[in-house]
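Structure first, commentary second.
What follows draws every value from the coordinates through simple rules; no lab data is involved. Everything numeric in this text was worked out from a predicted model, so none of it was measured. Positions of Cβ are backbone-derived with ideal geometry, glycine not excepted, and every protein chain shown enters the neighbour counts.
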Amino acid sequence: MARLRLARLALPLALAGLLLASPGCTPASETATVVRVGYFPNLTHSQALIGLSRGDFERALGPTTRLDPKAFNAGPSVIEALFAGEIDLAYIGPNPAVNGFVRSQGEALRVIAGATSGGAAFIVRPESGIDSPDDLSGKRLASPQLGNTQDVALRAYLSRNQLKTTEQGGTVQIIPTANPQILDLFRRGEIDGAWVPEPWATRLLLEGGGVLFLDERSLWPDGDFTTALLIARTGFLQDHPDLVSRWLEAHVELTLWEQANPDEAKRLANEEIRRITGQALPEAVLDGAWARQRVTYDPLTATIIASAQAAFAAGYLDAEPELSGLVDLALLNTVLADRGLPELP
């Protein structure tokens, strides 16, 4: 009798195994296309923070696609992951994107949309005596990372004002330091100022007692310059244009929603920052940082080129960059046209 019961159990189990093995019944996890996306737990990557937490991108990609998000802390590490084939899409600053494009001789990646404009400032200690560019001589200044977007902006600003860094034989010392350490150095009076992205600019103002020397928006036409971009690995873009289009549809929808609902958007972005880092931004910091940036799907191509030229002038690129093909807005413009929105040049 025991054998009979086992035989009866074995039959439906065997049939279930055959059904699972058949092409039409393969589990979704085995057939799903995996989309691996990189982003930072920063306000300037708000579309990624909100879209991933609410499931906007997951819904846009559909049930046959599995999303694999990866949080990063620095642009160069995103580029290395992309070079290794570990990232398909990423939110990233313009300078790492340009560096990756140049290093790969234009092969590795494409800029497919913008994410954020603005959101960077030059903050100084009131005791530093810095009231004009002439006062920067002999001062110790910080930037977040050697060769990063704000580091390049600071060096370009010094050059425009006929100032040289100490490594160039000049009088201005630049100390590339991670943002949390910049705040510590600023509080202790060990640096005179720093060119940093948000929310660190606002934190230097509120928590470090600093004063605003320069909002970087004042240096650009109409106050617009790219701070964060959406890039795609070239191979992924070529193999899965349908998935990239769906991602862009969600990205545009999120951008328009954030523009219409700024209070809710910054709250949701801050909640996701707390989930990832363990600490949310204080409300005053959140409000100040959000006010200095603007979400956009426009990559502001002219400012990418200007930033790349500044990186070359600062010695971070071996040759003047050839950026033909870096920005590919074909899919984005199709998405915009479908929504009745103006296409981008």
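Some points to look at:
- Cut-off under 5 Å, modelled amide H: who pairs with Leu109 long-range: Thr234
- Cα Rg, Dmax (largest Cα-Cα span) when computed across segment 120-222, Å: 12.2, 36
- Karplus-derived 3J(HN,Hα) values for segment 278-286, using 6.51 cos²θ - 1.76 cosθ + 1.60 with θ = phi - 60°, are x, 8, 7, 6, x, 4, 5, 5, 4 Hz; glycine and proline are entered as x.
- DSSP loop trypsin sites (Lys or Arg not before Pro) with at most 16 other Cβ within 10 Å: longest gap in the chain: 1-163
- As computed over segment 199-345, the Cα convex hull volume per residue (Å³): 165
- Pairwise centroid distance, computed over Cα atoms, of segment 305-329 with segment 193-265, Å: 20
- 5 angstrom amide H check on Arg36, placed H, neighbours 5+ away: Asp68, Asp88, Leu89
- Listed from fewest to most Cβ neighbours within 10 Å, the set Thr226, Thr165 follows the order Thr165, Thr226.
- Loop sites in segment 189-226: chymotrypsin sites (Phe, Trp or Tyr not before Pro), DSSP, at most 13 other Cβ within 10 Å: none
- Excluding the site residues themselves, the longest part of the chain lacking any GluC sites (Glu not before Pro) in a DSSP loop with at most 15 other Cβ atoms within 10 Å is 208-321.
- Across all C-alpha atoms in the chain, the radius of gyration and Dmax reach 23.8, 98 Å.
- Cross-link partners of Lys266 among lysines, defined as those whose alpha carbon lies under 24 angstrom from its own and excluding same-chain residues fewer than eight positions apart: Lys70.
- By the count of neighbouring beta-carbon atoms within 10 Å, fewest first, Tyr316, Tyr39 end up ordered Tyr316, Tyr39.
- Convex hull projection area averaged over all views, segment 277-345, Cα basis, nm²: 8.0
- Cα lying deepest toward the dipole's positive end in segment 120-222, options Pro176, Gln162, Trp220, charges on Cβ: Pro176
- When the charge dipole of the chain is built from unit charges on Cβ atoms (+1 for Lys and Arg, -1 for Asp and Glu) and taken about the Cα centre, the candidate among Leu243, Gln145, Phe122 whose Cα reaches farthest toward its positive end is Leu243.
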